[in-house]
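Q: Sharing a structure, written as structure tokens. Questions coming.
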Amino acid sequence: MYRGLVTEKIVTSKSIQQQKVLQLFEDRGLLRPRDLDAIGVPREILRRLCRQGLLERVGHGLYRQPNRPFSENQTLAEVCKKFPKGVVCLLSALRYHNLTTQNPFEVWLAIDVKAHRPITDLPVRFVRLSGAAMTEGIQIVDVDGTPVKIFSPAKTVTDCFKFRNKIGLDVALEALKDCLADGQCTPDELWHFGKVNRVNRVMQPYLEAMLT
């Protein structure tokens, strides 16, 4: 009799834990094992839920619910959940802000110049930045329940001029034109972030031509 009660309590406890974890996924979309520490649930429950088909692993140490509708920016959420100190930049930021027709197959992510190079099986292309170029112009947006750090339109445009040798000057000019035309940035914002990225002299003639 007592053994049956103990077994029933264990089953009930596991059921409650599963409900807590699944609710957390409903709220956040993506989770890492350490996220379970805050709700007092052992991490091994993730593997159990995966075996039951209630969760799936989408990368090393990254889980989500299967068959849940996600936006086209879901990969951004996966990468930023994995690398919370990184900031979405360049082509990926342009795509998010609708400032390019390109659809990059990698997530462009800015990391601090002193950070160790991360190892990942996710499709990420890392870019090194330092100082104000790494810390200014950051927006936090919600992507399927996951907070994603991304550079603002104006900061992204000037980043494109800074890394024009990597992405092409034509991409930077297209972004500059569309950003102004759509009202997503002002000349003053562009000038400010141009100073941050030290590209004012490069950007100035194109900016003046578009404003006249």
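Q: Determine whether ASP144 is of a type in the set (D, E, K, R), closer than 30 Å to LEU24 by Cβ and either touching a helix residue (DSSP H, G or I) at 6+ places or on another chain (Cβ under 9 Å) or not assigned by TED's automatic domain parsing to the domain that holds CYS89 (or both).
A: yes
Q: Return the residue satisfying two criteria in turn: it lies in the range 170-193 and is surrounded by 15 or more Cβ atoms within 10 Å (Cβ to Cβ) and of a type in the set (Asp, Glu), and of such residues it is farthest from ALA154 (Cα to Cα).
A: GLU174
Q: Let me ask another. Please note which helices (runs of 4 or more DSSP H) are completely contained in the range 104-212 and include at least 3 residues that are of a type in the set (Asp, Glu) and farther than 19 Å from VAL79 by Cβ.
A: Counting at least 3 such residues, we get 169-181.
Q: Of all residues in the range 170-195, which are within 17 Å of PRO104 (Cβ to Cβ) and among the aliphatic types (A, V, I, L, M)?
A: Hits for the range 170-195 are VAL171, ALA172, ALA175.
Q: Output the number of the condition that THR158 fails; it satisfies all remaining conditions of (1) over 30 Å from TYR63 (Cβ atoms); (2) of a type in the set (S, T, N, Q); (3) modelled with pLDDT under 95.
A: All conditions pass for THR158, except number (3).
Q: Additional query: Based on what the data block shows, is LYS155 within 18 Å of SER130 (Cβ to Cβ) and out of contact with any helix residue (DSSP H, G or I) (no Cβ under 8 Å at 6 or more places or on another chain)?
A: It is false that LYS155 is within 18 Å of SER130 (Cβ to Cβ) and out of contact with any helix residue (DSSP H, G or I) (no Cβ under 8 Å at 6 or more places or on another chain).
Q: Evaluate the range 81-93: report whether one residue or more is assigned by TED's automatic domain parsing to the domain that holds SER152 and in a strand (DSSP E or B).
A: Yes, that holds for at least one residue.
Q: Could you list all residues from the range 119-146 that are among the aliphatic types (A, V, I, L, M) and surrounded by fewer than 17 Cβ atoms within 10 Å (Cβ to Cβ)?
A: Scanning the range 119-146 gives ILE119, ALA132, ILE138, ILE140, VAL141.
The values are calculated or read from the model by the stated rules, or taken from the named source; none is laboratory data. Keep in mind that what you see is a predicted model, and the values were worked out from it rather than measured. With ideal geometry, Cβ positions are generated from the backbone for all residues, glycine too; neighbour counts draw on all protein chains shown.
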